[in-house]
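What follows is a single structure, written as structure tokens, with notes after it.
Here, each number is a calculation from the coordinates, and none is a lab measurement. Everything numeric in this text was worked out from a predicted model, so none of it was measured. With ideal geometry, Cβ positions are generated from the backbone for all residues, glycine too; neighbour counts draw on all protein chains shown.
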Amino acid sequence: MALIDDVAVAALLYWTPSGAIFAVAIAGAESFFNPRAQGDPWWSFPADQQAVYLLYSCNGYTSIGAWQINMRWHYPALNAATGSWETCVWATWLYNLDHSASLAHAIWESSGFGAWSTFNSGAYLAYLDAATVAVAFAAPPIGPPPGPLPPPGPVVPVEPPRQAVEPPWAAVTPPPVAIYPE
């Protein structure tokens with residue numbers, strides 16, 4: 001199973017299929033569907049903000065997982081989910097696709113997909129077709145599962161025709177084939 005398929009399965013735990021398509025496309029733009037992606041190193045922020053981002057980093061990175069959840073901005077939810085204030089514990093928790101999808105969905109509920117820069121920039125559009133296919137294959141079928149097949153009905157014998165019917169055209173005899181000596 002490809003990474004995109006795993007992301008689609010996780011997204012469908014929290015979004016409807018139509019919402020999951022956008023969520024999967026965003027994960028593609030954010031992390032190339034990699035549940036162990038690490039991004040936004042603390043040193044990439046403006047100098048006056050680096051010290052704060054360093055506090056919310058694990059191994060120097062502040063955005064973790066397929067949806068690149070930023071630990072600085074979502075530390076209350078990460079603390080509540082993990083029971084820890086250790087950023088690398090949060091990162092490990094976010095490497096799990098189900099956990100990451102759960103928190104991504106909570107972020108979406110409060111802020112919409114606009115919480116992700118790749119949605120605002122339109123970068124997710126490059127992944128929309130692939131996300132649509134992945135969600136279609138991962139989505140459960142609509143409707144109740146099929147029940148057992150009904151038993152076959154009785155076999156009714158069909159009588160052969162009583163008289164053969166001649167075709168309405170006359171039999172055609174092919175013309176003789178001329179044989180030429182060699």
Fill in the blank from the handout: Computed for the stretch 1-144: size of charge dipole around the Cα centre, +1 on C-beta of each Lys and Arg, -1 on C-beta of each Asp and Glu, debye to nearest 20, value 60 debye
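Given 0.36 nm per residue, what is the gain on full extension from Ser84 to Ala106 after removing their alpha carbon distance, in nm? All intermediate terms of the calculation are to be shown ahead of the outcome.
Numbers: separation 22, 0.36 × 22 = 7.92 nm, distance 1.90 nm.
Additional length available on full extension: 6.0 nm.
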Handout entry: Alpha carbon Rg of the stretch 58-139, scaled by the compact-globule rule 2.2 N^0.38 Å
Key = 1.16
Handout entry: Percent RCO, i.e. relative contact order, over the stretch 1-153, from Cα pairs under 8 Å lying at least 6 residues apart
Key = 31 percent
Practice task
Calculate the spin-label point distance for Trp73 paired with Ala51, positioning each point 7 Å from the Cα along the beta-carbon direction, and give it in nanometres.
Solution key: 2.3 nm
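Take the alpha carbon gyration tensor of the stretch 1-42, find the square roots of its eigenvalues, order them as a ≥ b ≥ c, and report rounded if a/c is under 1.5; if not, report prolate when a/b exceeds b/c, else oblate.
Working: a/c = 2.44, a/b = 1.69, b/c = 1.44.
Prolate shape, in that a/c is at least 1.5 and a/b is the bigger ratio.
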Handout entry: Sites Thr92 and Ser18 - FRET efficiency at Förster radius 30 Å, r taken between beta-carbons, to 0.05
Key = 0.45
Problem - Computed over the stretch 3-138, Cα set: Rg, Dmax in Å - result: 14.2, 46
